[in-house]
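Here's the structure we're looking at; comments come further down.
The values are calculated or read from the model by the stated rules, or taken from the named source; none is laboratory data. As the structure is a prediction and not an experimental result, all values here were calculated from the model. Note: ideal-geometry Cβ built from the backbone for every residue, glycine included; neighbour counts use all protein chains shown. Surface accessibility is based on the protein's heavy atoms, side chains included, excluding ligands, DNA and RNA. Shrake-Rupley method; radii C 1.70, N 1.55, O 1.52, S 1.80 Å.
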Amino acid sequence: PRQVCSDLCAARGRGQPASRSVHGTITNQPLGSDRARIRASRNSKRFRTRMEAFLDACAPCAHAAKDGGVKKTKKKNDASNPLCLYGLGEDKKAGPVWGDAKGLSEALGPDPAGRARDAKPAGLRNLGATCYLGSLVQVLFHNVAFREKLYAARSAGDGPDVVNALREIFADLEFGNRRSCEVDVLTDLLGLEVAAQQDPQEFGKLFVARIEEAATTDGGENFVSELFRGSQRYVTTCCECQTRSQRAADFDELEVAIAGRANVQECVAAHLRAERLEGDNQYLCETCGRKVDADRQLVVDRAPPVLSVQLLRYVYDRVTWEKKKLRDGVETDATIYVDENGERVPYDLVSTILHRGESAHGGHYVARCLDWRRDEWFQFDDDAVSATATPAPPRRSDDADKKTKKPNKSTESYMLAYVRREWFQARG
């Protein structure tokens, strides 16, 4: 702005206007065209009269003109003239417009460059109490088989659905540049109250069911059931006549009790062990025609590629009739074995969801997942991501006297996901 007025003053001495402006107002014409116009109107009396009026209206410029130069121009802007641009934004006390404005950094927030993604995977921002949703999405995202199937799936409907919303979040997690991504596209679609926390196990059942309804593969099959669903039978054997009755059913997870169990393997084994029906719980045998003692057992006919194990940490207190959390410590085995028609099938741990807090009605959920492609474990605490230790392998009986690393005994482990070893290895 100071140079603009200086040019005007110099132009007055030469009897012509500055080529770049008229009293600080930059012309919209190209520079070459502006110069040609000025040369053409140099001897115009009307133009010189207008310039005189402009210069007389500007106190600094008029003062400089009277002194015959620009060196003695007053060091301030003419506040009474809205057209005067002299020294605009140069006042150090008020703060220059191109300098560091006080409080500007706080108003704008942290530097966006600081939110750029580093070598670690991306996290998910907590919108209030959406840690349960973020943890579940991270578990599903780090299941590469599920992610690939979701990318290739066709939506059942034409409008916005859960498949497209989840696909958008997955793409941001995998290919985005920010350290944390948003989940609002899901919360808006599902109508979730972001300030209300939910149980990830209960919410996960409904959420995966929505995905199953909305997604189909090109072959017409549903990849959700292909990855997560197994088949089982309830076999009841009469202790009197040895008659067996069977009832087939599908399952998406194993809900196992933890009271009195040392590790996840013991929880699963107890879940599949035969249970005696006696006393008030006797079985009505059709062959015997009366209630008798019987053995009931859950038999797995087909175990799924991805096995979800739900630790029953939330139980109802029969005294208070309220839901409470069990604080029993359970070793999180890196490998478990599931009996499938008499064959022991190995499964390896790939993710866990932890519940931190004393109450069953609150707390905070955190996910720990294996990055299948990096073969590294990470902890996802909302948008904070950190490397975490690899779960310890199960101890062998002959290692009792050796200093081997024990599996972590956790009072927070809640939901676990295991993958069938032969299926995982076949993926490469």
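So the values come out like this:
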quantity	calculated
Single unsatisfied condition, Glu240 versus (1) outside any loop (DSSP other than H, G, I, E, B); (2) at pLDDT below 95	(1)
The lone exception for Arg210 - which of (1) open to solvent by 40 Å² or more (accessible area, probe 1.4 Å); (2) touching a residue at least 40 places away in the same chain (Cβ under 8 Å); (3) not in a helix (DSSP H, G or I); (4) not hydroxyl-bearing (Ser, Thr, Tyr) it fails	(3)
Residue in segment 154-177 that is farther than 30 Å from Glu278 by Cβ, modelled with pLDDT under 90 and basic (Lys, Arg) present	yes
Selection from segment 328-382 of residues that are of a type in the set (A, V, I, L, M) and in contact with a Pro (Cβ under 7 Å, 6 or more places away or on another chain)	Ala334, Leu349, Ile353
Failed item in (1) over 20 Å from Tyr414 (Cβ atoms); (2) open to solvent by 50 Å² or more (accessible area, probe 1.4 Å), with Ala294 passing the rest	(2)
Subset of segment 371-428 that is aliphatic (A, V, I, L, M) and within 23 Å of Phe146 (Cα to Cα) - its residue that is modelled with the lowest pLDDT	Ala426
Test: residue in segment 327-335 that is assigned to a strand (DSSP E or B), modelled with pLDDT under 90 and surrounded by 12 or more Cβ atoms within 10 Å (Cβ to Cβ)	no
Total residues in segment 297-312, condition within 27 Å of the chain's Cα centre (by Cα) and open to solvent by less than 10 Å² (accessible area, probe 1.4 Å)	6
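Here's the yes/no breakdown for (1) crowded, with 17+ Cβ neighbours inside 10 Å; (2) in contact with a Gly (Cβ under 9 Å, 6 or more places away or on another chain):
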| position | (1), (2) |
| --- | --- |
| Phe223 | yes, no |
| Glu226 | no, no |
| Arg229 | yes, no |
| Arg233 | no, no |
| Arg244 | no, no |
| Asp252 | yes, yes |
| Ala259 | no, no |
| Val264 | yes, no |
| Ala270 | no, yes |
